[in-house]
Amino acid sequence: MKQLPEKFLSRMEAMLGKEFPAFLQSYDFPRKFGLRVNTNKISVEEFLEISPFHLEPIPWIDNGFFYDENDRPSRHPYYFAGLYYLQEPSAMTPANRFSVNPGEYVLDLCAAPGGKATELGAKLQGNGFLVANDISNSRAKALLRNLELFGIKNSMVTNETPAKLAKYFPEFFDKILVDAPCSGEGMFRKDPDVAKTWDETRPEFFGKLQREIATQAISMLKPGGELLYSTCTFSPIENEGLISFILENFPEIELLTLDDYEGFTKGCPDWGNKDTRLKKCIRIFPHHMEGEGHFLALMKKNGCSVSSRITPTTKPDKTSKKLLDEFFKNMSQPLDFNRIDIRNENVYYLPEADTASLKGIKFLRNGLFLGELKKNRFEPSQPFAMSLQMEDFHNIVNLSSSDERVMRYLKGETLILSEAEAPQKGWHLVCTDGFPLGWGKIVGTTLKNKYPAGWRLHY
């Protein structure tokens, strides 16, 4: 058994009683590895038809699978095509159990590195608006990369405190996910280093922080909207205690029932303010399920609101539009030029929301980065490539995932094509098995590699 803090074990024994030996034994079990299909790009059924991995369905996640660690899916071309996300199985639960629909405005308040934000974005299916926020700039960069890899184009990635965001988005969102920073007790088996840094003061510290975050989140939730709160810890202060705080201080908040699974454990009123409504919360314990530790609570903000959302309106100048038209004539689906925003020669496709009017907010990306205007030409971006389907662009190079040139492309190497593979010069969308990987430019039978250095494979 892994070395666990004594005070943590004492508290868990008091919480679990006769179940404690089974809980303790679970730490001797090997951790499970999870893969979640990106339904923004491919259906589960289609993925299973092409998957080369040894997969076993995660019974409570409809697009999630256990995989054999020896399969190493992070090294397969499909990973670089954004067809799936590698995530601990129980960590898939919050976004999976959150009912997000196309067209809604959604906030993931503590989003890095993007495991939950990518799933929320996939559920929007390109319609609506996702704000993914993290207070850490370095973590927000990882979040942005994962959203780009997933092809989520209707998003804004911000780097702000919840209090600052609340000033910009009062009663704005239909759905808000708060996967709160926490003491991380549910990750002790997955990451022993978390256990080493734990002490008995951490639950109280994070409990105070969580109350502040939850308060700001509620202010950004529109009446009629839903908020899902989650943690990866067992601490009552951070779980039932936090929900008790919300129910006591926000009478407009109603606790809802989440979709059940036989391995879920109900919240315990005695671990909060004894409110029987706390039974609607969900706990995930590792001795009941093949996962780590999680807590979930789904809430609704009662009341009515009037929508005042505005679609962004901006247009490129005539010179820029001419250059863009030259490139976009190769697109099967035209873009709405009223949503094209050009800043310092960088071209963006704004989300379906009036984000251009937000002054003073720190963000890493507002909308989809399409590319750059350079010396009377347009050069498309990697995020733009990842947002496309193969059918969206007329000029393509489609290589089998078993073709050794695919891995060479991902390493940034120049490729030699056959004459049949290179019928014309210019920009091409490089794909594997029909799924975009990035851009290349054909000269003769040579594909000049445009896969960006920061994305390249280094092994």
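Using a cutoff of 8 angstrom between alpha carbon atoms and counting only pairs six or more residues apart, the relative contact order for the chain works out to 13 percent. Each part gets one Cα centre, and for region 185-220 versus region 119-182 those centres are 20 Å apart.
In the chain, the DSSP-assigned H stretches of four residues or longer account for a calculated mean residue ellipticity at 222 nm of -7500 deg cm²/dmol, using -39500 (n - 2.57) per stretch and the full residue count as denominator. Note on residue 14 and residue 254: with the Förster distance fixed at 41 Å, the Cβ-Cβ geometry gives a FRET efficiency of about 0.85.
How would you rank 186-199, 238-251, highest first, on the average number of other Cβ atoms within 10 Å across their residues?
Put in order of decreasing packing, that is 238-251, 186-199.
What angle, in degrees between 0 and 90 and rounded to the nearest 10, separates the Cα long axis of helix 115-124 from the longest principal axis of the Cα atoms of the chain? The two axes meet at around 60 degrees. When only the Cβ of Lys, Arg, Asp and Glu is charged (+1, +1, -1, -1), the dipole of the chain relative to its Cα centre reaches about 1600 debye.
Applying 1/(1 + (r/R0)^6) with R0 = 25 Å to the Cβ-Cβ distance of residue 101 and residue 354, what FRET efficiency is obtained, to the nearest 0.05? Walk me through the numbers before you get to the answer.
Numbers: r = 21 Å, r/R0 = 0.83.
Efficiency computed from Cβ-Cβ geometry: 0.75.
Listed values for region 226-231 are Karplus-derived 3J(HN,Hα) couplings in whole Hz (6.51 cos²θ - 1.76 cosθ + 1.60, θ = phi - 60°), namely 10, 10, 10, 9, 8, 9, and x replaces Gly and Pro. The phi-based Karplus calculation (6.51 cos²θ - 1.76 cosθ + 1.60; θ = phi - 60°) puts the 3J(HN,Hα) values of region 372-388 at 10, 8, 9, 6, 6, 8, 10, 10, x, 9, 5, x, 5, 4, 6, 7, 9 Hz, whole numbers, x for Gly and Pro.
Charging the Cβ of each Asp and Glu at -1 and of each Lys and Arg at +1, and nothing else, the dipole of region 390-459 about its Cα centre rounds to 400 debye. Amide H contacts of residue 411: 457, each under 5 Å away and 5 or more positions distant or on a separate chain (H built 1.01 Å from N in the peptide plane; Pro and chain starts excluded).
Extension gain for the segment residue 279 to residue 330, taken as residue separation times 0.36 nm less the Cα-Cα distance, is 12.8 nm to one decimal. Close amide H pairs (under 5 Å, H built 1.01 Å from N) link residue 104 with 129, residues at least 5 positions away or on another chain.
Straight-distance candidates among the lysines for linking to residue 164, with alpha-carbon spacing under 20 Å and chain neighbours fewer than 8 residues away dropped: 141, 175, 208, 222, 359, 362.
Simple spin-label estimate for residue 199 and residue 270 gives 3.1 nm between the two label positions (7 Å along the Cα-to-Cβ direction from each Cα). Computed on region 390-459, with alpha-carbon pairs under 8 angstrom and 6+ residues apart, the relative contact order is 35 percent.
Using the Cβ-Cβ distance between residue 414 and residue 374 with R0 set to 30 Å, the FRET efficiency from 1/(1 + (r/R0)^6) comes to roughly 0.90. Length gained on full extension, residue 446 to residue 86: 126.2 nm, using 0.36 nm per residue less the C-alpha separation. Per-residue Karplus couplings for region 140-150, computed as 6.51 cos²θ - 1.76 cosθ + 1.60 with θ equal to phi - 60°, are listed in order as 5, 5, 5, 4, 4, 4, 5, 5, 5, 4, 7 Hz, Gly and Pro entered as x.
Gain in length, residue 48 to residue 323, computed as 0.36 nm per residue apart minus the alpha-carbon separation, to one decimal in nm? Walk me through the intermediate numbers first.
Values: separation 275, 0.36 × 275 = 99.00 nm, distance 4.08 nm.
Contour length minus Cα-Cα distance gives 94.9 nm.
Laboratory data are not the source of any read-out in this text; all were calculated from the coordinates shown. Given the structure is predicted, the values throughout are model-derived calculations rather than measurements. Positions of Cβ are generated from backbone atoms using ideal geometry, with glycine treated the same way; all protein chains shown enter the neighbour counts.
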